[in-house]
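Everything on this sheet refers to the single structure shown next.
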Amino acid sequence: MSEWIDLTQTLAEDSPTLPPLHPKPEFEAYATLDEDDYNSTLLHLETHCGTHMDAPTHFLSKDEHRTIDEITVDEMVTEGVICDFSHKDPGSGVSREELADQAERYDLSAGDYLIFDCGMAPADTDHYLRNFVYPEAEAAEYMVEQDIACFAIDALSADRPGAELAEHHVHYTLLPEDILIIEGVANLQAVSPGRYDVIATPIPYENRDGSQIRLLVRPQG
């Protein structure tokens, strides 16, 4: 049986976060082995840092759309396709045609996770923070037409770098259709394009907009 591959960032106080407003994680010792005979840590952690999942309520009303604790087990243990866009120039968009070419090659199907490999590795660099590859609006519309369950990307945002909130076309196209979004995927250099078994496990924060996840994939066949 093939081994599972972990596509999750390790979170630390220096983990990169989307500029300019998103805070860094903070870890504070609540108890220590030396003083209390056990270790315990307090976290100050935005739901949208590291490898994380956006619930529809990240951009939409909780009265009408799902929160992160409503994601089902069937959505966490599933299948998907990894597409390779690591050859794209930094800051450029993936077109509908470019996406369709790979999606059809790897038999992207309804209910799949779609994972973009844009050649990104988590780092405090201009390339990672402000110059990443992203899907164009028409590519997001194609995802809706294909009825995918989740779109994942190794950039810190699914939308164009520096986009104003009103210009977050990918979020505003996918989330109203109950298509989940995962950002901050890591370790994609360890995989090749193709079909995979997928495990993605968000933390069920009650009535919240997202959470960190553990993202694992395993090649099929």
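Bear in mind that the values in this text are calculations on the coordinates, not laboratory data. None of the values given here were measured: they were computed from a predicted structure. FYI the Cβ positions are ideal-geometry reconstructions off the backbone, even for glycines, and counts take in every protein chain you see.
If R0 is taken as 41 Å, the Cβ-Cβ distance between ASP63 and ALA31 corresponds to a FRET efficiency of 0.55. Near LEU60, once Lys and Arg are set to +1 and Asp and Glu to -1 for all other residues with Cβ below 14 Å from its Cβ, the sum equals -4. Rank LEU18, LEU60, LEU114 by mean-square fluctuation in a GNM of the chain with C-alpha springs under 10 angstrom and give only the top-ranked residue. Sorting by GNM fluctuation, first place goes to LEU60.
Rounded, prolate or oblate: pick one for segment 85-205, where a ≥ b ≥ c are the square roots of the eigenvalues of its C-alpha gyration tensor, a/c under 1.5 means rounded, and failing that, prolate if a/b is larger than b/c, else oblate. Rounded.
Multiplying the residue separation of GLU164 and ALA137 by 0.36 nm and subtracting their alpha-carbon distance yields 8.3 nm. Counting neighbouring beta carbons within 10 Å and listing from fewest to most, the residues VAL198, VAL217 come out as VAL198, VAL217.
Relative contact order of segment 1-157: 22 percent, from C-alpha pairs under 8 Å at least 6 residues apart in sequence.
Rounded to the nearest 10 degrees, the angle from helix 96-105 to the longest Cα principal axis of the chain is 90 degrees.
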